[in-house]
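One structure is given below, encoded as structure tokens.
The values are calculated or read from the model by the stated rules, or taken from the named source; none is laboratory data. Treat the numbers as computed from the prediction; the structure is a model and nothing was measured. Positions of Cβ are backbone-derived with ideal geometry, glycine not excepted, and every protein chain shown enters the neighbour counts. These accessible areas exclude ligands, DNA and RNA; they are computed on the full protein's heavy atoms, side chains included. Shrake-Rupley method; radii C 1.70, N 1.55, O 1.52, S 1.80 Å.
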Amino acid sequence: MKLSLRNAGWRVRGQDIVHEASLNFEAGQMTAIIGPNGAGKSTLLRLASGLLPPTSGDVWIDGAPITRFSSACLAARRAMLMQDSPLRAQFLLRELVAMGGRISAPFMNTSVRLELAGQLLERVGLAAFSERDVMDLSGGERQRVHLARVLMQLEAAAHGTGRPPGFLLLDEPISAQDLSRQHLVLNLARAHALAGGGVVVVIHDLNWAAACADHIVVMHEGAIYAQGPPEQVLTNALASHVFGLEDGRVRMHVGSGKPYVLPHDMMCQS
Ligand SMILES: Nc1ncnc2c1ncn2[C@@H]1O[C@H](COP(=O)(O)OP(=O)(O)OP(=O)(O)O)[C@@H](O)[C@H]1O
Ligand SMILES: [Mg+2]
């Protein structure tokens, strides 16, 4: 399965927020989207998800324009974790996660649905909270329960079919996580790709992007500035042109051969 943007753009009040983006996201691959604040990353992800209709160009998934799919078929093919997913309703965690499969797998047996929701809570490290109210969670816990909900959407649809899960679109999924949970979340995303699902993750941490992604897309001022494998994309030229960092901040890690940026190098020295 493939998810493609074909010259997709979004223009508002005479300004191109995303300008003619053409990208192919492949099943089984993990793509990281990086770029400064306001570069258009979230807008690009919303276009890719079909939640935001492009003002030019189009988006295709699984060989057809995304607009052709019913909401149930689309829900089975892609799920999106928003940058900010507030929770104002009162649900138990397990109920909320189980609801993730409501549209994508409407005929799933309730006990199977709850069982799968319980497993997902375990995978995001929240098994002990499964009967807790979602309103009582910390910021990081809330972000992970939403991740479990979007994974449920795709895994419930694929359950028992023998087909790989659909595309997982994650907008800054580690922004509220401590270091070990950053690792947990990105490993879950990586496992999704290994299971044959596509992953597109917007992420600010260049080091995590280098460590986890097969492919990196750089957005700058609403356009795709560069794309390719981490070692080709994450260069000193990129760090200075796109992020305004002083030259010479990107190093190559001897063990993995992946590029990294060390914040220590960027602090004023006495
Ligand atoms: N409805 C809108 N009207 C006008 N401008 C908008 C609208 N939606 C988004 N923008 C602007 O488009 C730009 C891109 O927004 P977007 O949310 O895609 O950025 P981003 O790359 O995800 O940034 P961040 O890293 O801060 O999340 C921003 O400057 C934003 O203010
Ligand atoms: Mg954003």
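Side notes on the structure shown:
- Amide H contacts of V202 (H built 1.01 Å from N, in plane; Pro and chain starts excluded): I33, L170, D171, E172 sit under 5 Å, all sequence-distant by 5 or more or on other chains.
- Candidates P173, P54, P36, ranked by Gaussian network fluctuation over the chain, Cα under 10 Å, top entry: P36
- Relative contact order of segment 63-190, defined on C-alpha pairs under 8 angstrom at six or more residues apart (%): 36
- Here the contact order of segment 2-266, divided by its residue count and restricted to Cα pairs under 8 Å and six or more residues apart, works out to 24 percent.
- Under Karplus coefficients 6.51, -1.76 and 1.60, residue-wise ³J(HN,Hα) of segment 213-221 in Hz, glycine/proline x: 9, 7, 9, 10, 10, 9, 9, 8, 6
- Gaussian network model of the chain, Cα within-10 Å springs - most flexible of N109, N37, N187: N109
- With a simple spin-label model that places each label point 7 Å from the Cα along the Cα-to-Cβ direction, the separation between D265 and T55 comes to 3.9 nm.
- Pairwise centroid distance, computed over Cα atoms, of segment 88-120 with segment 218-263, Å: 40
- Within the accessible area of the chain (1.4 Å probe), percent carbon and sulfur: 51
- Springs join every pair of Cα atoms under 10 Å in this Gaussian network model of the chain, and among R144, R68, R113 the largest mean-square fluctuation is at R68.
- Å² of accessible area per residue within the chain, as computed with a 1.4 Å probe and no ligands counted: 48
- In order along segment 120-132, the Karplus-derived 3J(HN,Hα) couplings, from 6.51 cos²θ - 1.76 cosθ + 1.60 at θ = phi - 60°, round to 5, 4, 5, 5, 8, x, 10, 4, 5, 9, 4, 9, 8 Hz, and Gly and Pro are given as x.
- Under Karplus coefficients 6.51, -1.76 and 1.60, residue-wise ³J(HN,Hα) of segment 226-235 in Hz, glycine/proline x: 7, 7, x, x, x, 5, 8, 8, 7, 10
- Within the chain, longest stretch free of exposed GluC sites (Glu not before Pro) [DSSP loop, at most 15 other beta carbons within 10 Å]: 1-130
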